[in-house]
Amino acid sequence: MIRTLIVDDDHLVRIALADILDDDPAITVVAQAGDGREALDLAAAQSVDVALMDVRMPRLDGIAATQRLRALSRPPQVVLLTTFDLDQYVYDGLAAGASGFLLKDADPADIVRAVHVVAEGQAMLHPAAARRLVDRYGPGSSD
């Protein structure tokens, strides 16, 4: 069973993500948080395998929360979810320790697949974000 934490400041988004994940018998949503600080408290109090983390939230944003979650003694894998397709979010999120990056308009099946993929220790990126990373760091890039 993949124990999952949903972190988003929008209550309706949390409900929708929980509904999507509840359809998969291998995933259980163990907690939901409205910001990064609450996510840290919940993750420290119980075993979490994967956190689905919004990027833009009050009190503690998803990038900072990802970095702190990954520093826990038993850190969950993190998939960042955002409405904003900004390269800086991808780079900062990966640098903070995220294993995945998806846009909130992703197909529900892709969100479920991302939870499975990162729980297995792999990475999953939104295709457009992956393309930009390849373009930036791949052969022929100036970086």
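Any read-out appearing in this document is the output of simple, stated calculations on the displayed coordinates, not a laboratory observation. It should be emphasised that the depicted structure is a prediction, and the values quoted were computed from it without experimental measurement. Because the Cβ atoms are built from the backbone with ideal geometry, glycine has one as well, and the counts that use them run over all protein chains shown.
Some values worked out for this structure:
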{"read-out": "The chain: most fluctuating residue of Val50, Val112, Val79 per GNM, C-alpha cutoff 10 Å", "value": "Val112"}
{"read-out": "For the stretch 10-25, Karplus couplings with θ = phi - 60° (6.51, -1.76, 1.60), whole Hz, Gly/Pro x", "value": "9, 4, 5, 5, 4, 4, 4, 5, 4, 4, 4, 6, 5, 6, 9, x"}
{"read-out": "Residues Ile111, Ile6, Ile15 arranged by fewest to most Cβ contacts within 10 Å", "value": "Ile15, Ile111, Ile6"}
{"read-out": "Extension reserve of the Thr83-Ser47 stretch, reckoned as 0.36 nm per residue once the Cα distance is removed", "value": "10.2 nm"}
{"read-out": "Directionally averaged shadow of the stretch 31-101, computed from the convex hull of its alpha-carbon atoms, nm²", "value": "4.1 nm²"}
{"read-out": "Sparse-neighbourhood loop sites, chymotrypsin sites (Phe, Trp or Tyr not before Pro) in the stretch 1-99 - DSSP loop, at most 15 other Cβ within 10 angstrom", "value": "Phe84"}
{"read-out": "Simple spin-label estimate for Thr28 and His116 in nanometres, 7 Å along Cα-Cβ", "value": "1.9 nm"}
{"read-out": "Packing rank of 95-102, 113-120, where each peptide gets the mean count of other beta carbons within 10 Å, highest leading", "value": "95-102, 113-120"}
{"read-out": "log₁₀ of I(q)/I(0) at q = 0.11, 0.12 Å⁻¹ - the chain, Debye sum with one point per alpha carbon", "value": "-0.35, -0.42"}
{"read-out": "Test item: Cα-centred dipole of the chain, Lys/Arg +1 and Asp/Glu -1 on Cβ, debye", "value": "480 debye"}
{"read-out": "Least to most buried among Arg59, Arg74, Arg37 (fewest other Cβ within 10 Å first)", "value": "Arg74, Arg59, Arg37"}
